[in-house]
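The values are calculated or read from the model by the stated rules, or taken from the named source; none is laboratory data. Just so you know, these numbers come straight off a predicted model, no measurement behind them. A quick note on method: Cβ atoms are made from the backbone with ideal geometry, for glycine too, and the neighbour counts reach across all protein chains shown.
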Amino acid sequence: MNKRTSAVKVLVVDDQPLIVSELCEFLESNGYRCVPCESSHQAIERFQHDTDIGLVLCDLHMPGLDGIQMVQELQRLSGKHRAFEAIMLTGQADKQDVIKALRAGVADYYQKPIDMGELLEGVQRQEVALQERHKALQLGHLNQKLQYLSESLDDLYDDLDRVRRTPLASGADDGAASDTERAEIPAIFNQLSPRQLEVARLVGKGKTNYQIACELGITENTVKLYVSQVLRLTHMHNRTQLALAMTPNHSGLRHRASTS
């Protein structure tokens, strides 16, 4: 029966090549893909270029950057958008080093010579912990998107209130201009609300979402929602087609839009 292969790669770092080889061979025989490194600088470079690396198994005492410094650099590079778990290996049972490592965010440590069975259990525990961290990151991203959507909906409701409170026409000239503008656009646009039509006209003038947002006093996200609604209601494929339909010089296209 084939053993499962973990989706998470293990970065194995030690300045002694024999130890790196033995650890990789053992972990790979238990379903883990390994990335062997013999220095902290090499490990940092591999980590940056391989986003599948989620577990870091490293020696504490190494030339150049030690294990703790290396983990701290990986944390800096990861920021808030990437999660990983680190396990430290040490040949010396120095309590202060262990405390320092744990304070730096190292999840666990093992003293050399390593009990491979205990190490495997530790790697499996950290894999589960990593999965939970990934879920938390995804929930955070979803909550952020929901916050943006909530703000955009609030803006939409504010716009609706303003439209309802605004008189239909402020004067005879304005009314005539409004009638003229309505007559110049395809009939398919008649189903749009005043604000939707206003956004469509500004798109037709070649303005960006940002420029439209500034002119109308709404957020850019709200503009995107309005553009999406206009495209859906008029059965157009993109804002370029919408802009052409709103341009007086493209009567042929406007005729097709009104009859489609």
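Observations
Let's see how each residue does on (1) within 20 Å of Gln96 (Cα to Cα); (2) outside the structural domain of Asp108 (by TED's automatic domain parsing); (3) in contact with a Cys (Cβ under 9 Å, 6 or more places away or on another chain); (4) in contact (Cβ under 8 Å) with a residue 40 or more places away in the chain:
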residue	(1), (2), (3), (4)
Cys34	no, no, yes, no
Cys37	no, no, yes, no
Gln42	no, no, no, no
Ile53	no, no, no, yes
Leu60	yes, no, no, yes
Glu73	no, no, no, no
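- Qualifying positions in the stretch 202-219 - within 21 Å of Ser152 (Cα to Cα) and either aromatic (Phe, Trp, Tyr) or surrounded by fewer than 16 Cβ atoms within 10 Å (Cβ to Cβ) (or both): Thr208, Tyr210, Gln211, Cys214, Glu215, Gly217
- Taking each residue of the stretch 122-150 that is modelled with pLDDT under 75 and looking for partners that are polar (S, T, N, Q) with beta-carbon atoms closer than 7 Å, six or more apart or interchain, yields Tyr148/Asn221.
- All conditions but one from (1) closer than 22 Å to Cys34 by Cα; (2) not assigned by TED's automatic domain parsing to the domain that holds Phe26 apply to Leu153; the one that does not is (1).
Results for (1) part of a helix (DSSP H, G or I); (2) touching a strand residue (DSSP E or B) at 6+ places or on another chain (Cβ under 6 Å), shown as yes or no for each residue.
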{"residue": "Glu73", "(1), (2)": "yes, no"}
{"residue": "Lys80", "(1), (2)": "no, no"}
{"residue": "Ile99", "(1), (2)": "yes, no"}
{"residue": "Val106", "(1), (2)": "no, yes"}
{"residue": "Leu120", "(1), (2)": "yes, no"}
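- Yes/no for Val56 being crowded, with 16+ Cβ neighbours inside 10 Å, touching an Asp or Glu at 6+ places or on another chain (Cβ under 8 Å) and under 27 Å from Gln138 (Cα atoms): yes
- Test result for Ala104, surrounded by 15 or more Cβ atoms within 10 Å (Cβ to Cβ), of a type in the set (Gly, Ala, Ser) and within 27 Å of Thr5 (Cα to Cα): no
- Filtered residues of the stretch 76-99 (kept if loosely packed, with under 15 Cβ neighbours inside 10 Å and not aliphatic (A, V, I, L, M)): Arg76, Ser78, Gly79, Lys80, His81, Gly91, Gln92, Asp94, Lys95, Gln96
- Some residue of the stretch 88-102 being under 20 Å from Glu132 (Cα atoms) and within 27 Å of the chain's Cα centre (by Cα): no
- Selection count, the stretch 39-70, where residues are assigned to a loop (DSSP other than H, G, I, E, B), in contact with a Ser or Thr (Cβ under 7 Å, 6 or more places away or on another chain) and modelled with pLDDT of 95 or more: 0
- Annotation: of all residues in the stretch 1-38 being part of a helix (DSSP H, G or I) and out of contact with any strand residue (DSSP E or B) (no Cβ under 8 Å at 6 or more places or on another chain), the one that is surrounded by the most Cβ atoms within 10 Å (Cβ to Cβ) is Phe26.
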